[in-house]
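Chemist: Can you read through this structure? Questions will come right after.
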Amino acid sequence: MKKFRKVLDGLTTSSPVNPGGSPSCGSAAGTPSTAPTPRELEIQETLMSEHFQICKTVRHGFPYQPTALAFDPVQKILAIGTRSGGVRLLGRPGVDCHCQHESGAAVLQLQFLINEGALVTACADDTLHLWNLRQRRPAILHSLKFNRERITFCHLPFQSKWLYVGTERGNTHIVNIESFILSGYVIMWNKAIELSTKTHPGPVVHLSDSPKDEGKLLIGFESGTIVMWDLRAKRADFRIYYDEAIHSVSWHHEGRQFMCSHSDGSLSMWNLRNTAKPFQVTFPHGKTQRDGRKESCKPILKVEYKTSKNSSEAFVIFSGGLSYDKAGRRPTLTIMHGKAIIVLEMDYPIVDFLVLCETPYLNEVQEPYAVAVLLEKDFLVVDLTQSNFPIFENPYPMDIHESPVTCTAYFADCPPDIIPVLYSIGAKHKKTGYSHKEWPLSGGTWTVVTLQMLYKLKTSKVFEKPKSGDVGRSAELVEEDPYAIQMISWCPQSRIFCVVGISAHVILYRFSKHDANTTITVSVLLNVTVKIDSTCTESEYCGHRVKDRMIRMPPGYQAELVVQLLWVDGEPPQQITSLDLNSAYGLLALGNCNGLAVVDYLQKTVLLCMSTLELYGSADPFQRLTRSPRKNRQSTSGTHALCVSESHKCSNTVFKGPGRKLSLPTDLKTDLESRENSFSRSRSSSVSSIDRETKEAVTTLQFAESYGRKSDTLPTPCLWVGTSLGLVLIIPMSIPTDEQERQEDPVTVAPTGTVLMLKASVLRFAFLDCGGALINCPYEVWRDQHAPDDPDRPRKRKLVNFSPSSSQEASGDGHLAVVCSERQAKVFFMPSQACLYVHNITESSFVLRADVVSVCNSVCLACFCANGHIMTLSLPSLRPLLDVNYLPLTDMRIARTFCFTNGGQALYLCSPTEMQRITYSQEMCDNLQEMLGELFTPIETPEAQNRGFLKGFFGGNAQTFDREELFGEAAAGKASRSLAQHIPGQGGMEGMKAAAGGVVGELARARIALDERGQRLGELEERTALMMTSAETFSKHAHEVMLKCKDKKWYQF
């Protein structure tokens, strides 16, 4: 707890000395303020450094650049590996876990230890990792780094502790999963092939044990060579030399035949009785040409050969294989079932696919029920149990990247009714035709931290479709999507939503549960030097034409107002740099590098449209002079006027000159360098370049109940304006309070010239009362404007106002204003405008995002800098509480999507398809272990099917094959130490921490394990009794047969 006192006196108190040498923070001179100021300000600060810690919580979205896929058929958990070394684990809806290899090497292959709660990953740096999935945050238990060979393929038989590892040299090594140490048993490539073979067979591309005999290992080499290796005899049973390269191999469950996919688009079937040649070769998509030859086809990269009880025909599922002459065809997944061939076209290239089967045993009828397909930018599951093969509705939010994300906003503590309303409206617009069955991935337990898509809104529907002539011009001048969104503003209480587009337009939406037929009001910003007419002249270009007819709008967010900045002489308008709206005032403010505009969206009128320079009046601290703009051209000061029309129309236009291209920033380096150079200049009043200083952008806006002048005794509606030069202007407004008067009487806006100063561009405003509590902005309670009229309950505006003086009888009038710029933060006392506290946040970098947020029942200022640092400062004293170098390398995507919210949470786009959520609260870090779900749940492994007495007696000794006798150190010896290096992981320690943090959960699991053990013991006892009874019956019948045949001769049988 820290207590501080600050004596404020309007006659003697001035702001602290500004290190930058800029004028005093207060206005003009030391003139006494007539506003009442508290003699003593006493605020209890409760936040300490111990309340803050940075940690990642969860990651949402589609895994960026996926590379591999694996599935646990018992736990019903699926894993996806990525090129950046990430692993995503997916289960039932709500179970979504992200893991990351520290090396960042691409994941080549994934192998589950089925129903063991573990996962093996093979990475591009030739390292194997064993992950422990029995803890809520998976960790690596062991790693094995290969030094002399490159890993190409891995295979782990079910219920085996020995992992087969194929390499680029063609050798096969064996790893003990328990100790993660190499066995001395090695299958060398020159032993696998015949001695007479002169060429190297190539890398190992396939490894699998025979379903009929686990002592036989099938090895597939890239060149087309296939070897069946007898593990006991240490020799090859047979060798196959095929002309075409092999991509994959799949067994029939009986182990008598297997299928290969090849680089020429063919599938070959092989029978173990005759391996001299394939008994069947098919080109599923290759037609026979006139000369009798098959047309050339693309490679079939993978094939799966699965059998089903209900059908005598097997499923053959493969990717690729289309003929080369069909240019432009989309990637396909082909399902062959009997004589039927179904081709499923995909939107993106197929990375990998897996057939999901009921049984984990390879020597049983597989019973496939679904196909999991991993695409470059999507993930889908196909239902095989229905004839039309529909896909399952994906419960994970994997379509965040459906259109590239350009900005984000994060809201915590929303009104409780807003989420179900958005969900119910959004559900009506969902696609249909999905499988009616439940999502097949049902493993794990639900986590508290989830993400669910509620509602989608397309802003392009507000505009007319561009004509053919306009499309070419738009494509030439707009590099990004012309409807790309730069900023969003949302008021959850009033449900008013506002978006800013890259083409310098603003769209205001209202929410309604009912559909409506309405027109959209258009406000058009024109240059002051251009004659204002109801239509555009040839020298103007509207960019997008808003629909000017009656439009039927479905329930949800419905457009009410569009504000457009027009083109002049073929030049696009400057992009909008700041936006704010207030539902209680009914006002919308927007600014760009030219000036500021305030629109009354209730009366559909323009209240203010001025250049930034004109807002200062005589109070300009730089004493700049207004320049006269050139005729019919946009001036550097860029003064604007507004015209409003109910249905604005633009005539056909003629374009002149190439114009300036519009684009969202994509290269952070040049942007950061230019901003660093501009920010390093002095902010003193002696300015050498008038051209630079007249170009002053409005960087942030905030409506609030505040004091526009020092002489004000009561707070009034104000607009706080921050600029790129670090200046703050306060514009008071007079708004009628009566509802009828508000609809008819004008709102007056009067810039007073009040100026506060900071270093660098202003980013954020916030307001605290004299007790240190955050003052929320006033708002209008939501009302459905298109609901049927009720004479008993007329619809009236209901406003909720948070006055700064409502809870301050003891402290006196006034409030605190927190202003944060890209370099500095200051706290002012209003209305005296005295600077109480100042803190220089950074000198070597600049702040990208700043927000005043609630943490642990208090408030603080949270900042994210361009150098990757995350900082928190106490309020109002601006004491540093946290400074962590979280992201050493910051790209433009993170810069424009990073945002804070209440409760110690933040998020940003870590890749084009993924959203990372983090917390900077120690309390949430401590509780995160309990918030996350379980990936592993205790499930009894299904028993193998009864093979029958004769099959078990004559079908070989596959079930009695003991790998330990062959691969153990006693039999095979030790592997060379230089071949691979064992690296112990941190998973054991983290597992101990997890166990210590979740004692209750562990006790519950132990109790479940005891119950299951008792149940299994009971079942074992019953099976033993049945076996004894069966043995006695068999013995009795055998004795009877013996007595019956005792005295018979051999010829009597």
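Chemist: With Asp883, Asp926 as the choices, which residue is open to solvent by 40 Å² or more (accessible area, probe 1.4 Å), in a helix (DSSP H, G or I) and among the acidic types (Asp, Glu)?
Modeler: Asp926
Chemist: Can you pull out every residue in the stretch 818-840 that is small (Gly, Ala, Ser) and outside any strand (DSSP E or B)?
Modeler: Listed by number, the list holds a single entry, Ser832.
Chemist: While we're here: For the stretch 323-334, what are the residues that are more than 33 Å from the chain's Cα centre (by Cα) and either surrounded by 19 or more Cβ atoms within 10 Å (Cβ to Cβ) or touching a residue at least 40 places away in the same chain (Cβ under 8 Å) (or both)?
Modeler: Result: Ser323, single match.
Chemist: In the stretch 472-493, which residues are of a type in the set (S, T, N, Q) and either open to solvent by less than 10 Å² (accessible area, probe 1.4 Å) or modelled with pLDDT under 90 (or both)?
Modeler: Within the stretch 472-493, Ser474 is the sole residue that qualifies.
Per-residue answers, yes or no, for (1) in contact with a helix residue (DSSP H, G or I) (Cβ under 8 Å, 6 or more places away or on another chain); (2) farther than 18 Å from Met228 by Cβ; (3) modelled with pLDDT under 95:
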position: Asn147; (1), (2), (3): no, yes, yes
position: Pro157; (1), (2), (3): no, no, yes
position: Ile177; (1), (2), (3): no, yes, yes
position: Ser183; (1), (2), (3): yes, yes, yes
position: Glu194; (1), (2), (3): no, no, yes
position: Thr197; (1), (2), (3): no, no, yes
position: His200; (1), (2), (3): yes, yes, yes
position: His206; (1), (2), (3): no, no, no
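Chemist: Also, I was wondering about something else. For the stretch 406-437, give me each residue that is surrounded by fewer than 16 Cβ atoms within 10 Å (Cβ to Cβ), more than 24 Å from the chain's Cα centre (by Cα) and under 28 Å from Leu78 (Cβ atoms).
Modeler: Thr432, Gly433, His436, Lys437
Chemist: Could you give every pair whose Cβ atoms fall below 8 Å, whose first residue belongs to the stretch 366-394 and is within 24 Å of Trp251 (Cα to Cα), and whose second residue is modelled with pLDDT of 95 or more and open to solvent by 40 Å² or more (accessible area, probe 1.4 Å), counting only separations of at least 6 or pairs across chains?
Modeler: Leu374/Val351
Chemist: Quick test of your reading of the structure: Arg232 fulfils all but one of (1) free of Cβ contacts under 8 Å to residues at least 60 places away in the same chain; (2) over 47 Å from the mean Cα position of the chain (by Cα). Name the failing condition by number.
Modeler: Unmet for Arg232, out of (1) free of Cβ contacts under 8 Å to residues at least 60 places away in the same chain; (2) over 47 Å from the mean Cα position of the chain (by Cα): (1).
Chemist: Look at Val721 and say whether it is crowded, with 19+ Cβ neighbours inside 10 Å and farther than 17 Å from Phe765 by Cβ.
Modeler: no
Chemist: Hey, does the stretch 697-707 have a residue that's over 40 Å from the mean Cα position of the chain (by Cα) and surrounded by fewer than 24 Cβ atoms within 10 Å (Cβ to Cβ)?
Modeler: no
Chemist: Right, next: Please list, ordered by first then second residue, the pairs with beta carbon atoms under 7 Å, 6 or more apart or interchain, first in the stretch 446-460 and closer than 25 Å to Pro555 by Cβ, second open to solvent by 50 Å² or more (accessible area, probe 1.4 Å) and among the β-branched types (Val, Ile, Thr).
Modeler: Correct list of pairs: Leu454/Ile419.
Chemist: Still on this structure, please answer the following. Identify all residues within the stretch 131-167 that are assigned to a loop (DSSP other than H, G, I, E, B) and hydroxyl-bearing (Ser, Thr, Tyr); write none if there are none.
Modeler: Our first condition is that a residue be assigned to a loop (DSSP other than H, G, I, E, B); within the stretch 131-167, this holds for 133-138, 147-150, 156-161.
Once the filter is applied, which keeps residues that are assigned to a loop (DSSP other than H, G, I, E, B) and hydroxyl-bearing (Ser, Thr, Tyr), the stretch 131-167 yields only Ser160.
Chemist: Of all residues in the stretch 335-362, count the ones that are hydroxyl-bearing (Ser, Thr, Tyr) and open to solvent by 30 Å² or more (accessible area, probe 1.4 Å).
Modeler: Final tally of qualifying residues: 2.
Chemist: Please specify each residue of the stretch 54-86 satisfying the condition of being open to solvent by less than 30 Å² (accessible area, probe 1.4 Å), of a type outside the set (A, V, I, L, M, F, W, C) and outside any strand (DSSP E or B).
Modeler: Pro63, Pro73, Gln75, Gly85
Chemist: Now a separate question. Could you run through the stretch 296-307 and say how many residues are out of contact with any Gly (no Cβ under 6 Å at 6 or more places or on another chain) and open to solvent by 20 Å² or more (accessible area, probe 1.4 Å)? Break it down into steps so the answer makes sense when it comes.
Modeler: Applying the first criterion (out of contact with any Gly (no Cβ under 6 Å at 6 or more places or on another chain)) to the stretch 296-307 yields 296, 302-307.
Add one more test, that the residue is open to solvent by 20 Å² or more (accessible area, probe 1.4 Å), and what stays is 296, 302, 304-306.
Residues meeting the conditions: 5.
Chemist: Sort out which residues of the stretch 363-388 are part of a loop (DSSP other than H, G, I, E, B) and open to solvent by less than 20 Å² (accessible area, probe 1.4 Å), and write them in order of number.
Modeler: Within the stretch 363-388, Glu364, Gln366, Leu384 meet the criteria.
Chemist: Further, regarding this structure: Working only within the stretch 776-811, note down all residues that are open to solvent by less than 30 Å² (accessible area, probe 1.4 Å), at pLDDT 90 or above and assigned to a loop (DSSP other than H, G, I, E, B). Lay out the reasoning, then the answer.
Modeler: Our first condition is that a residue be open to solvent by less than 30 Å² (accessible area, probe 1.4 Å); within the stretch 776-811, this holds for 778, 780, 784, 787, 804, 808.
With at pLDDT 90 or above added as a condition, the list becomes 778, 780.
Hit for the stretch 776-811 is Pro778, nothing else.
Chemist: Is there a residue in the stretch 539-546 that is closer than 15 Å to Ser523 by Cα, of a type in the set (S, T, N, Q) and open to solvent by 10 Å² or more (accessible area, probe 1.4 Å)?
Modeler: Scanning the stretch 539-546, I find no residue that is closer than 15 Å to Ser523 by Cα, of a type in the set (S, T, N, Q) and open to solvent by 10 Å² or more (accessible area, probe 1.4 Å), so the answer is no.
Chemist: Taking the stated definitions as given, is Val449 modelled with pLDDT under 90, more than 30 Å from Phe71 (Cα to Cα) and open to solvent by less than 20 Å² (accessible area, probe 1.4 Å)? If you could, list the steps in order and put the result at the bottom.
Modeler: On the way: modelled with pLDDT under 90: yes; more than 30 Å from Phe71 (Cα to Cα): no; open to solvent by less than 20 Å² (accessible area, probe 1.4 Å): yes.
No; evaluated as a whole, the condition is false for this residue.
Chemist: Does the stretch 87-130 hold any residues that are assigned to a strand (DSSP E or B), more than 16 Å from Asn176 (Cα to Cα), among the aliphatic types (A, V, I, L, M) and open to solvent by 10 Å² or more (accessible area, probe 1.4 Å), and which are they?
Modeler: Leu108
Chemist: Then there is this: So, of the residues in the stretch 170-201 that are under 46 Å from the mean Cα position of the chain (by Cα), closer than 18 Å to Phe153 by Cα and of a type in the set (Gly, Ala, Ser), which turns out to be surrounded by the fewest Cβ atoms within 10 Å (Cβ to Cβ)?
Modeler: Among them, the one singled out is Ser183.
Chemist: Suppose we keep only residues that are of a type in the set (D, E, K, R) and open to solvent by 30 Å² or more (accessible area, probe 1.4 Å) within the stretch 909-923. Which one would you say is farthest from Leu78 (Cα to Cα)?
Modeler: Glu923
Chemist: Which of the residues spanning the stretch 30-74 are modelled with pLDDT of 90 or more, of a type outside the set (A, V, I, L, M) and farther than 30 Å from Gly868 by Cα?
Modeler: Across the stretch 30-74, the qualifying residues are Phe71, Asp72, Pro73.
Chemist: On to the next question. I'd like the full set of residues that are open to solvent by 10 Å² or more (accessible area, probe 1.4 Å) and small (Gly, Ala, Ser), limited to the stretch 211-249.
Modeler: Ser223, Ala233, Ala236, Ala245, Ser248
The values are calculated or read from the model by the stated rules, or taken from the named source; none is laboratory data. These numbers were taken from a predicted model, which means no experiment stands behind them. So basically every Cβ, Gly included, is an ideal-geometry build from the backbone, and we count neighbours across all protein chains shown. Heads up: the accessible areas ignore ligands, DNA and RNA and are worked out on the full protein's heavy atoms, side chains in. Shrake-Rupley method; radii C 1.70, N 1.55, O 1.52, S 1.80 Å.
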